[in-house]
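See structure below.
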Amino acid sequence: MRRHGHSRYSSAPDLGPALAGAGRSDWATLRRLFPYLWHYKGHVVAALGFMIVAKLANVGVPMLLKRLVDAMTPNPVMPQALIVVPVSLLLAYGLLRLLTSLATELREAIFVTATEGAARQISLKVFGHLHALSLRFHLERQTGGMTRDIERGTRGVQLLVSMAMYNVVPTVIELALVLVILGVRFDAGFVWITLAALVFYIGYTVKVTQWRTQFRRAMNALESIAQSHAIDSLLNYETVKYFNNEAFEAQRYDASLKRYRDAAIKSHRTLGLLNSGQQLVVAASLVAMLWRATQGVVDGHLTLGDLVMINAFMIQLYIPLNNLGMIYREMKQSLTDLDRMFALLEKEREVRDAQGAPDLDARDPTVRFENVSFYYDSARPILSHLNLEIPAGRTVAVVGPSGAGKSTLARLLYRFYDVQGGRITIGGQDIRAVTQASVRRAIGIVPQDTVLFNDTIGYNIAYGRPSATQEDIEAAARAAHIHGFIAAAPKGYETTVGERGLKLSGGEKQRVAIARTLLKNPPILIFDEATSALDSANERAIQAELSSAAQGKTTLVIAHRLSTVVDAHEILVLEAGRIVERGTHAQLLARGGVYARMWALQKTQPQGSAPSVPVSFPSQVPDQVLENCSEK
């Protein structure tokens, strides 16, 4: 019987999300792409002009070959012509070849601007849209699969446009010119043979390629899943090591690779079927054309030059047509990849700015939660009819057990989610009625779980205010008590922190986060267990800095250790999404309720497990303000 633990990597993956967007027609995808290309319409028109010149020159080559062969055919009437005429024809042949090459190179040099420009615009738009999507989307996403979708979509734009301009359109132009020449200079039989071959070739290619698309799509989906497994495992390297699960991760990744291998084998086998059928059509049509041309030479109404010209036309025509299957496959795949990237653009924004929303006026940073109700899942309410006020320049602390909804307050204030009931205001302005960017500019947060960019320490601190000078960055680092650590490093502020800051300890990362927020210097501050990763000595020093930073600012402190919030102007006790107690530290202890029991429990813990480091916030808020803040 298979072990339960292994069933997670042995079971087949759900390809539904990975195949999303497959229902959109190719024309719909092309219509989405066209505006990006038309932005470079001057380059497109110039490239088309050079393409036509190149094809006219290319079609002229077989016609010159005909004249050259006819001129070299023994002619008893003008025996000296052989000495003069071929030289001029050879020179003309060389010039036509050179013109074809030059026009083709100029076409590619001009059109690459449109191709790369369109790919850049789409990628940038997708990147911006992903940042505009809600936190819920990013919590549910698979980063590896999504980045592969963007990568393949960008490459799809380049392949699709390049193949259309460098293969499909030139082949159509050349085909039209050849059919006209065959119909005018010879008889309609040559035209009908060519058209019949094209109909069979294109019809077979399209039909089989459409059938094969399901295998290519499944192969790409499984590749994304394997990539996601690999990235997820590598990002959680330490966790893998903690539980000795290297073999488990390898088996899980290998299972994904095996599924990808099976899909790739099936895709390549169907490719052989497609190629064989295409070659059969090409061979049959070439035999028919040459048989008819040879018969014409035997009958005397065609010359050897005509035979050579027809053969040259067919070779020139079937060389690109021979690649049509590959081109069509790649274009179909590019359309599929592009469609998946456009599908990311169609993801609805859960949190949107109101039409014509103004920026937040942050001169009055008073924060109010008015009868707020919220849930992530309707079956599990998080906040229920919650009322709280953080007066401008004051500090309110929220304490309570895990899962009570404390961190949700910060997420709602940042407007990562919109409330289902009630409203949140800053200075009396509903945050849903102003722009999200202006709300977030007014708020700074020191999170409990600090994640840093894989860049330098200086870059990560400066992220709080990218325009900051080096002096500003160092001042913020000193305030966060990390300047000494940075200065002692060989590269100083140029020291890299590694993926997600893994080269730094938890306390060092948290101090970088504190420095980053101090550098931002917003009117509203959120401290979400801001010193939880620090030792007692550093916590005392940094708590003093945070207290200083909170002077005159509206501050929300989310805490588990009650000792860090004893001097807050008001302390709220949150349980199951409701405020069960509120008041100052002294008032809550005197009440002998939930807070008093939590305080007694933490005071009885072993020394060092929950260090008691009080924060000296500004003087206590008057009782009448507390009354105004009380739950309605």
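Numbers at a glance
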{"quantity": "Residue-wise HN-Hα coupling along segment 570-583, computed from phi with Karplus coefficients 6.51, -1.76, 1.60 (Hz; x: Gly, Pro)", "calculated": "8, 10, 10, 9, 9, 9, 6, x, 10, 7, 9, 8, 8, x"}
{"quantity": "Kirkwood-Stokes translational diffusion coefficient of segment 372-513, alpha-carbon pairs, 37 °C, 0.692 mPa s, µm²/s", "calculated": "187"}
{"quantity": "Heavy-atom accessible area order for HIS301, HIS560, largest first, 1.4 Å probe", "calculated": "HIS301, HIS560"}
{"quantity": "Spin-label model distance (nm) - ASN323 vs ARG591, 7 Å beyond Cα toward Cβ", "calculated": "7.7"}
{"quantity": "Evaluated over segment 541-586, the Cα radius of gyration and Dmax, each in Å", "calculated": "11.7, 34"}
{"quantity": "Efficiency of FRET from Cβ geometry, THR496 and ASN245, R₀ 22 Å, rounded to 0.05", "calculated": "0.20"}
{"quantity": "Per-residue SASA entry for SER467, accessible area with 1.4 Å probe, Å² rounded to 10", "calculated": "100"}
{"quantity": "Percent of Cα-Cα distances greater than 19 Å, calculated over segment 302-402", "calculated": "76"}
{"quantity": "Net charge, ARG415 excluded, C-beta distance under 10 Å - Lys, Arg +1, Asp, Glu -1", "calculated": "+1"}
{"quantity": "Trypsin sites (Lys or Arg not before Pro) within segment 350-384: DSSP coil, no more than 16 neighbouring Cβ in 10 Å", "calculated": "ARG352, ARG363"}
{"quantity": "Segment 280-334-segment 365-395 distance, computed between alpha-carbon centres (Å)", "calculated": "75"}
{"quantity": "When each of LYS406/LYS509; LYS258/LYS347; LYS125/LYS332; LYS125/LYS503; LYS207/LYS266; LYS491/LYS520 is checked by Cα-Cα distance, pairs over 27 Å", "calculated": "LYS258/LYS347; LYS125/LYS503"}
{"quantity": "Approximate spin-label separation TRP291-ILE231, in nm, with each point projected 7 Å along Cα-to-Cβ", "calculated": "5.6"}
{"quantity": "Gained length - LEU124 relative to ASP359, 0.36 nm times residue gap less alpha-carbon distance", "calculated": "82.1 nm"}
{"quantity": "Rounded accessible area of VAL184 (nearest 10 Å², 1.4 Å probe)", "calculated": "110"}
{"quantity": "Segment 265-328: projected area of the alpha-carbon convex hull, averaged over directions, in nm²", "calculated": "4.5"}
{"quantity": "Cut-off under 5 Å, modelled amide H: who pairs with ASP528 long-range", "calculated": "VAL446, GLN448, ILE558"}
{"quantity": "By accessible area with a 1.4 Å probe, ligands and nucleic acids excluded, highest first: order of VAL199, VAL594", "calculated": "VAL199, VAL594"}
{"quantity": "Heavy atoms of THR469 accessible to a 1.4 Å probe, total area in Å² rounded to 10", "calculated": "70"}
{"quantity": "Cβ-based net charge around LEU99, under 13 Å, with every Lys or Arg adding one and every Asp or Glu removing one", "calculated": "+2"}
{"quantity": "Phi to ³J(HN,Hα) by Karplus 6.51 cos²θ - 1.76 cosθ + 1.60 over segment 223-228, Hz, x for Gly, Pro", "calculated": "5, 5, 5, 4, 5, 5"}
{"quantity": "Amide hydrogen neighbours beyond the local backbone of ARG415, cut-off 5 Å, H modeled", "calculated": "none"}
{"quantity": "Counted charge near THR239, where neighbours are those whose Cβ lies closer than 11 Å (Asp, Glu -1; Lys, Arg +1)", "calculated": "-2"}
{"quantity": "By accessible area with a 1.4 Å probe, ligands and nucleic acids excluded, highest first: order of HIS569, HIS43", "calculated": "HIS43, HIS569"}
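The values are calculated or read from the model by the stated rules, or taken from the named source; none is laboratory data. Values in this document were obtained by computation on a predicted structure and should not be read as measured data. Here the Cβ is made from the backbone with ideal geometry for all residues, glycine too, and neighbour counts use every protein chain on show. Quick note on the areas: whole protein, heavy atoms, side chains included, nothing else; ligands and nucleic acids left out. Shrake-Rupley method; radii C 1.70, N 1.55, O 1.52, S 1.80 Å.
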